[in-house]
Structure formats: structure tokens, C-alpha cells
Amino acid sequence: MTALQDSFGRKIEYLRLSVTDRCDLRCSYCIPKGFHDFEMPEHWLTFDEIERVVAAFARLGVARVRLTGGEPLTRPRIAELAQRLYALPGVNDLSLSTNATLLARHAADLHAAGISRLNVSLDSLDAPLLACITGRDCLSQILDGLTAAKLAGFSPIKINMVVLGGENEHEVESMVEFCMKHGFILRLIETMPMGETGRSARFVDLQAVRQRLQQRFRLIDGVVSGGGPARYLQSADGSFSLGFITPISQHFCDTCNRVRLSADGILYLCLGQEDTLDLRSLLRDGINDAQLEAAIHAAIARKPERHEFKDQPGKIVRIMSQTGG
Ligand code: SAM
């Protein structure tokens, strides 16, 4: 079967794979406090099911897979899953998004399993403020996780910071300095109106922040490989990169190369639309591999042109951790 291309000519070569919708943090813009509406574990795809789906995507040319969630490190035996996925023919880039609270204990195993690139969410370096944003005192655990990740050999390590008006927006300069010092790539992210929590976060337009940081740190236009949504600035010697993920102020849907699989096996064709394919039902109804590939192919043809976070901010009721961030 031919490689995956949607009806707008975009090649789909990247799968974001959520392994759980649960998380040990309650970031104010993501999972609401007291939220209990998590998927039942029996609805989660099993490792065998995940392996079948990823193998099918790999046969269709999707060589890059990112484990995410929820918090992926809360799923038991995650390094074993990573090892199984990395062993699949055609998968040549396995990466992980994590909040790093559990990373210190898992870093070496995950790296040995084949995960090379790491994204760590970190919204503040101020312990009380981070606790306020995440609902938990966790800065020292995250910093220990980052130290362990460096030691284990992950490269690159990217720090993802969601910029929140009136909360951490004054901290972007110190986050730049922290990342420069430690050799991390920094990406600043605009809040997306996903669920009530995402909608109630105070949005900051990152275009002005970009100008401010470009001048202050004398950054020039740059590129970081990976084909993701961030637009980058970098230091003149190339040692530091700063990315901006701006789904609202400057969306990047025309270069979208990805789809998302939720922990319960729903393929989301766009983060900001409701178009899906229920792969779990197909798998549990006994679909064969050829039918699985055909179903994925047909779904990709339905991939929406773009999200409508700006024009229709009330549209998406699910929170980020339900889709897989
Ligand atoms: N737990 C992992 C982590 O922390 O990276 C992976 C899942 S988390 C949902 C993925 C990313 O989505 C995090 O960087 C988080 O800050 C971001 N996120 C969650 N809700 C968001 C929202 N409404 N707008 C923008 N980013 C959001």
C-alpha cells in the first residue's frame, strides 16, 4: 500500500501515541482538579494492540513515533513497550514527552530501550509557582529527572513551557538562561482552548515575546530538524535554539505531518477537530492487517485541513490529556 498522504497533499509520517490519559499532575490549563472521567484500563490498547497499530503505520511509511499521554511514565512497563516499538521494522525514531516527575528512575531504561529524543514539560523554575500551576510540589523531582536524562544520553532534550498570562510569562527570560546553561532546546507554547481548563487559561500571544527575546539574547532565525510545528530562533554560534509553538497567533496546519492515537485506541486526525477513527473497535472485532492498513489509509484521506482554535474556541470539549498531548 502507498505512503500516507491526505487530501491536501500533506505526507503523514509522524504518530503521537498516548499510552494513558492519566497524569500525576493537574496543570491548571489541562486536567481539571477533581477530574475522574478517565478511560477504564480495559479500554486502553494493550501492548500487543499498540504494537499492531504502530507496525501498520510503519508499513505505511510512518517512521517516527512519540510516546505521550497523560503522563506516559505512569503506565506500567513503559520501557518494555518502547523496546517492542523500536524493534519494529520501519520505526527509526522513537521519542517521549513527559513531565519528568518519574524520569529519574526510568531514564536509563528508556534510553536503552531506543528512545533518543525527549521533551520535558516545565512551566516554571520557581518551586511555589510550579506547584501552583501543576497542583503539586514537583520541581526538585523534575530537575533530578533532567539530570538523569542528560546522564543517560538523551539528545536533544527539549523543554516545553506553556506561557500563561499573569502567571509565568515574566519567567521566560530565566527559562532561556536555564536552557542555555544546560544545553536544552526551549519551546514556548501558546495555550490552546481545549476543554474549559484550556479556555480559561490566560492566553499570551507569543509574537511579541519572540521579538523581545530575539533582541535580548541576540538570536537569529534558525531551524531545528524534526519537521515539527515550532518556528525557531537560535544563538549566533548555534549552541542554543528557542522554538515558538503558536497554534493561535500563527497556525502551522499547512505543514501538519501527524496524527494522534489516544490511549483507548481512537485515532485523532487533528488535535482541534472531532474527526476520528475507532481503531480499538476494529482491532477487537478481529480486523486483519490488510484491513487495518486500508482503514488507516481511508482515515488519513479525511484529515481536516486545519484546526479552528481561534475562530471557534468553544469547539473542543476534550482536554489535551484525553487526546494525547
Ligand atoms: N505528560 C506529558 C508532558 O507533560 O509532556 C505529555 C502529555 S501533556 C498533555 C503534553 C503537553 O501538552 C504539555 O507540554 C502540556 O503543557 C501541554 N498542554 C496541555 N494542555 C494544554 C493546553 N490547553 N494548551 C497548550 N498546551 C497544553
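The values are calculated or read from the model by the stated rules, or taken from the named source; none is laboratory data. Here the structure is a predicted model, which means the values were calculated and not measured. Cβ: placed from backbone, ideal geometry, glycine included. Neighbour counts: every protein chain shown. Ligands, DNA and RNA are stripped out before the accessible areas are found, and what is left, the full protein with its side chains, is counted by its heavy atoms. Shrake-Rupley method; radii C 1.70, N 1.55, O 1.52, S 1.80 Å.
Here are the numbers for the structure shown:
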read-out: Extension gain from residue 281 to residue 170, taking 0.36 nm per residue of separation minus the Cα-Cα distance; value: 35.3 nm
read-out: Heavy-atom accessible area order for 213, 282, largest first, 1.4 Å probe; value: 282, 213
read-out: Heavy atoms of residue 101: accessible area, 1.4 Å probe, square angstrom to 10; value: 10 Å²
read-out: 0 to 90° range, to nearest 10: angle between helix 47-59 axis and the chain longest Cα axis; value: 90 degrees
read-out: Nearest-ten-degree value, helix 139-152 long axis tilted from longest Cα axis of the chain; value: 70 degrees
read-out: Fraction of accessible area attributable to carbon and sulfur, the chain (%, probe 1.4 Å); value: 52 percent
read-out: Between helix 289-300 and the chain: long-axis angle, C-alpha atoms, 0 to 90°, nearest 10; value: 50 degrees
read-out: Which of 189, 133, 220 is most accessible, then next, and so on - probe 1.4 Å; value: 220, 189, 133
read-out: Candidate lysines for bridging to residue 150, where Cα separation is under 22 Å - those fewer than 8 sequence places away on the same chain excluded; value: 158, 181
read-out: At R0 = 51 Å, FRET efficiency that the Cβ-Cβ distance of residue 237 and residue 5 yields, to 0.05; value: 0.85
read-out: Which of 250, 204, 283, positive extreme of dipole for segment 171-311 (C-beta unit charges); value: 204
read-out: Segment 72-85 - phi-based ³J(HN,Hα) in whole Hz, Karplus 6.51/-1.76/1.60, Gly and Pro as x; value: x, 6, 7, 7, x, 6, 5, 5, 5, 4, 4, 4, 5, 6
read-out: DSSP bridge pairs, the chain: antiparallel proportion in percent, nearest 5; value: 30 percent
read-out: Cα-centre dipole for segment 1-43 with unit charges at Cβ (Lys and Arg positive, Asp and Glu negative), debye to 20; value: 220 debye
read-out: All-pairs alpha carbon distance profile, segment 14-323, 20 Å steps from 0, percent; value: 33, 61, 6
read-out: Per-residue SASA entry for residue 320, accessible area with 1.4 Å probe, Å² rounded to 10; value: 50 Å²
read-out: Difference of contour (0.36 nm per residue) and Cα-Cα distance, residue 51 to residue 208; value: 52.2 nm
read-out: Solvent accessible area, Å² - residue 27, 1.4 Å probe, full protein context; value: 30 Å²
read-out: Selection from 2, 194, 215, by position along the positive dipole direction of the chain (Cβ); value: 215
read-out: Accessible surface, 1.4 Å probe, highest first, among residues 71, 177, 51; value: 177, 51, 71
read-out: Unpaired by the 4.7 Å Cβ criterion, cysteines found in the chain; value: 23, 132, 138, 179, 253, 256, 270
read-out: For segment 139-241, size of Cβ-based charge dipole, Lys and Arg +1, Asp and Glu -1, in debye; value: 220 debye
read-out: Under 5 Å, built H, 5+ apart or other chain: amide partners of residue 162; value: 122, 189
read-out: Residue with peak Gaussian network fluctuation, the chain [Cα springs, cutoff 10 Å], from 114, 165, 272; value: 165
read-out: Heavy-atom surface of the chain, accessible at 1.4 Å and reported per residue (Å²); value: 42 Å²
read-out: Dipole magnitude of segment 231-325, debye to nearest 20 (Cβ charges: Lys/Arg +1, Asp/Glu -1, about Cα centre); value: 200 debye
